[in-house]
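Visitor: My questions will all concern the structure given below.
Nothing in this text is a laboratory measurement; each read-out follows from the coordinates by a stated rule. This structure is a prediction, so every number in the text was calculated from the model and none was measured. Please note: Cβ atoms are built from the backbone with ideal geometry, for glycine as well, and neighbour counts cover all protein chains shown.
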Amino acid sequence: MSLKATWFRERLKKKAKRGFQGYPVATITYYGPDDKQASKVAVGILLGEGEEVAYLERWYCPDGDVRTDPSINEAIVRFVQQHGAKSVISPDRILGCPHQEGTDYPEGERCPKCTFWATRDRFTGKSLQ
């Protein structure tokens, strides 16, 4: 990972480690075909408690990992700053398939492209069987 990518990623991690510092809150969630490669990141901004996501941006890196892409990490930091996020929440793992149910494949079915997640709980990564 480049020094630039590391710097931006560490900046986000540091802000997340501080815990809740007030609103707005940025949520950063990584998705991938398995639990090793993150091909998508979604960043949402919540303006207040109980509110829906006010701003949402997604970045993709189909051939690499969004976590190690310097331009994506810089864009995330800038997006978080642009919306004045005081807090950052980011799970420490990849949370499932990057494809959207109902958009990329039919509602109620499993993603045909990401067989890794077909039998796993996306929050724990553990097998459902």
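Visitor: So between ASP34 and ARG93, what do we pick up on full extension, going 0.36 nm a residue minus the alpha carbon distance?
Guide: The span from ASP34 to ARG93 would gain 20.2 nm if fully extended.
Visitor: Next question. Enumerate the lysines that LYS13 could reach by cross-link, defined here as Cα to Cα under 25 Å, with residues fewer than 8 away along the same chain left out.
Guide: Straight-line reach from LYS13, under 25 Å: LYS4, LYS36, LYS40, LYS86, LYS126.
Visitor: May I ask which residue of GLN82, ALA42, TYR31 lies farthest towards the positive end of the charge dipole of the range 3-96, with charges of +1 (Lys, Arg) and -1 (Asp, Glu) on Cβ and the Cα centre as origin?
Guide: Positive-end residue among those listed: GLN82.
Visitor: If each residue of separation counts as 0.36 nm, what is the full-extension length gain between THR115 and LYS14 once their alpha-carbon separation is subtracted?
Guide: Gain on extension, THR115 to LYS14, equals 33.0 nm.
Visitor: Using the Cα centre as the reference, give the magnitude of the dipole from point charges on the C-beta atoms of the chain (Lys, Arg: +1; Asp, Glu: -1; all else neutral), rounded to the nearest 20 debye.
Guide: Value, rounded to 20: 700 debye.
Visitor: Now a separate question. Inverting the mean 1/r over all pairs of different Cα atoms, compute the Kirkwood radius of the range 3-96 and quote it in Å.
Guide: Numbers: mean 1/r = 0.0755 Å⁻¹.
Evaluated over the range 3-96, this radius sits at 13.2 Å.
Visitor: With everything on Cα atoms, drop me the angle between helix 3-17 and the longest principal axis of the chain, reported from 0 to 90° to the nearest 10.
Guide: Approximately 90 degrees, to the nearest 10.
Visitor: Using 0.36 nm per residue of separation minus the Cα-Cα distance, give me the extension gain between GLU57 and GLU107 in nm, one decimal.
Guide: Taking GLU57 through GLU107 to full extension adds about 15.7 nm, to one decimal.
Visitor: Taking 7 Å along the Cα-to-C-beta vector as the label spot, tell me the TRP7-LYS86 distance in nanometres, rounded to one decimal.
Guide: Each label point is offset 7 Å from its Cα along the Cβ direction, giving 2.8 nm.
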